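The values are calculated or read from the model by the stated rules, or taken from the named source; none is laboratory data. Not measured: the values here are computed from a predicted model. Glycine gets a Cβ as well: all are built from the backbone with ideal geometry, and neighbour counts include every protein chain shown.
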């Protein structure tokens, strides 16, 4: 369960009525602080599973040991509710000093003047990007301005249960495959696992990351350079049609089962529930998936198309509130996460492959098997011709487009809308979301 931690000052300022709807709270008394050496208290928000919280707390502890005058409290939530909780806190006048940010939401928060321009901290090397991957850095800028430091990069992937594959006797998936090959394999796998009540794949028709790869493989980006919709209604229809075929052949979970998945991330997946052999996600999530099952898991490439679709995505950014009173110390914590060996090893590859060469060097000696698998997968994808750089940033409202895809895809899966009508509805919703 998510946990939110507040200082006495924050609780007293916020008021109990403003806390309704947030995750589990750790409330301290509102009396005056007595003694204590800490001179500054920062708040950090992030999304992710409990395993990420454990790693983050280790990083916070290591930072505090080097900076005893700085205390960091944190709260975290599932991605599906994180931004709602963040917005509630912002509306209450208590925006966190440090905010884990997603590229789909950066432009929106910049537009609302909630994020700090980090240029000065980069220039004076409070945040040292001297050995940072320049492509990763470029892909995480908003109109050329740095509003958050990328904590890692990852590729979209598939993850599968090797034990179930072996039991099914259908053979290991090929190193690379097309969408048609994936569909054929998945149908055979579902048939072999039918007696166990297990499907090969989840219904990923509502997954925006997978849909984006499909769109890019059809020759366009999700967005134009001026922040409008770049994909066509026909491309949406082809996407819904593919997954309609998957459902009809039994290759993926039926609508009734897929609808039981609430939330996001590894723990909410059908793979973690033992109801699907495959999952789709980001390569940095591999370790989190593995902690949820005793069966060995493996990474698999996303199906290929006519054009390269996958790309190295800047994963979570760490941003600073434009209203933070302790921006310099917040910047120091970001630098600790991306360059200091203690900070780097504390969070590992959970948030992606680090952009700093120093960070990657610090991680190598202590990499576990699951981490090495991620690096091997990244090298495979980077070298097999299935990727192309993504240079168009998400416009404000991109997060709402993701929600619209999830909602409409479910309506199509349940037969409440035809493929044609669903494609039209989603396209119109997407245009409205970013207009």
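So, of the residues in segment 273-291 that are in contact with a helix residue (DSSP H, G or I) (Cβ under 6 Å, 6 or more places away or on another chain) and assigned to a loop (DSSP other than H, G, I, E, B), which turns out to be nearest to residue 313 (Cα to Cα)?
At the first step, the residues of segment 273-291 found to be in contact with a helix residue (DSSP H, G or I) (Cβ under 6 Å, 6 or more places away or on another chain) are 277, 280, 283, 285-291.
Of the ones still in play, those that are also assigned to a loop (DSSP other than H, G, I, E, B) are 277, 291.
Numbers: 277: 25, 291: 23 Å.
It comes out as 291.
For segment 109-140, give me each residue that is surrounded by fewer than 19 Cβ atoms within 10 Å (Cβ to Cβ) and in a helix (DSSP H, G or I).
To start, the set of residues in segment 109-140 that are surrounded by fewer than 19 Cβ atoms within 10 Å (Cβ to Cβ) comprises 111-113, 117, 119-120, 123-126, 128, 130-131, 134-135, 137-138.
Listed by number, the residues that qualify are 111, 119, 120, 123, 134, 135, 137, 138.
Taking the conditions exactly as written (modelled with pLDDT under 95 and either on the phi > 0 side of the Ramachandran plot or not assigned by TED's automatic domain parsing to the domain that holds residue 272 (or both)), does residue 102 satisfy them or not?
Details: modelled with pLDDT under 95: yes; either on the phi > 0 side of the Ramachandran plot or not assigned by TED's automatic domain parsing to the domain that holds residue 272 (or both): yes.
Yes, satisfied.
In segment 406-433, what count of residues is obtained for those that are buried (at least 22 other Cβ atoms within 10 Å of the Cβ) and either farther than 26 Å from residue 157 by Cβ or out of contact with any strand residue (DSSP E or B) (no Cβ under 6 Å at 6 or more places or on another chain) (or both)? Give the derivation first.
First, the residues of segment 406-433 that are buried (at least 22 other Cβ atoms within 10 Å of the Cβ): 408-409, 412-413, 422-423, 426, 430.
Of the ones still in play, those that are also either farther than 26 Å from residue 157 by Cβ or out of contact with any strand residue (DSSP E or B) (no Cβ under 6 Å at 6 or more places or on another chain) (or both) are 408-409, 412-413, 422-423, 426.
Here the count works out to 7.
Which of the residues belonging to segment 263-272 are surrounded by 20 or more Cβ atoms within 10 Å (Cβ to Cβ) and assigned to a helix (DSSP H, G or I)?
266 - this is the single residue of segment 263-272 that is surrounded by 20 or more Cβ atoms within 10 Å (Cβ to Cβ) and assigned to a helix (DSSP H, G or I).
Being over 17 Å from residue 261 (Cα atoms) and modelled with pLDDT of 95 or more: is that true of residue 165 here? Step through it out loud before you land on a result.
On the way: over 17 Å from residue 261 (Cα atoms): yes; modelled with pLDDT of 95 or more: yes.
Spelling it out, residue 165 is indeed over 17 Å from residue 261 (Cα atoms) and modelled with pLDDT of 95 or more.
Looking at the structure I just gave you, is residue 356 in contact (Cβ under 8 Å) with a residue 60 or more places away in the chain and not assigned by TED's automatic domain parsing to the domain that holds residue 121? Explain how you work it out, then say what you get.
Details: in contact (Cβ under 8 Å) with a residue 60 or more places away in the chain: yes; not assigned by TED's automatic domain parsing to the domain that holds residue 121: no.
Spelling it out, it is not the case that residue 356 is in contact (Cβ under 8 Å) with a residue 60 or more places away in the chain and not assigned by TED's automatic domain parsing to the domain that holds residue 121.
All but one of (1) assigned to a loop (DSSP other than H, G, I, E, B); (2) modelled with pLDDT of 90 or more; (3) surrounded by 19 or more Cβ atoms within 10 Å (Cβ to Cβ) hold for residue 390, so report the exception by its number.
The failed condition is (2).
State yes or no: is residue 274 touching a strand residue (DSSP E or B) at 6+ places or on another chain (Cβ under 9 Å) and within 27 Å of residue 53 (Cα to Cα)?
Numbers: touching a strand residue (DSSP E or B) at 6+ places or on another chain (Cβ under 9 Å): yes; within 27 Å of residue 53 (Cα to Cα): yes.
When the stated conditions are applied, residue 274 passes them.
Take residue 361 and tell me if it is surrounded by fewer than 21 Cβ atoms within 10 Å (Cβ to Cβ) and in a loop (DSSP other than H, G, I, E, B). Give the derivation first.
Details: surrounded by fewer than 21 Cβ atoms within 10 Å (Cβ to Cβ): yes; in a loop (DSSP other than H, G, I, E, B): no.
Criteria not met by residue 361.
If a residue must be in a helix (DSSP H, G or I) and within 27 Å of the chain's Cα centre (by Cα), how many such residues does segment 163-177 contain?
3
On the basis of being part of a loop (DSSP other than H, G, I, E, B), without any contact (Cβ under 8 Å) to a residue 40 or more places away in the chain and either within 21 Å of the chain's Cα centre (by Cα) or in the same structural domain as residue 227 (by TED's automatic domain parsing) (or both), does residue 416 make the cut?
The answer is yes for residue 416.
What are the residues in segment 50-72 that are surrounded by 22 or more Cβ atoms within 10 Å (Cβ to Cβ) and not in a helix (DSSP H, G or I), if any?
72
Among the residues of segment 73-102, which ones are exposed (fewer than 15 other Cβ atoms within 10 Å of the Cβ) and in a loop (DSSP other than H, G, I, E, B)?
Listed by number, the list holds a single entry, 93.
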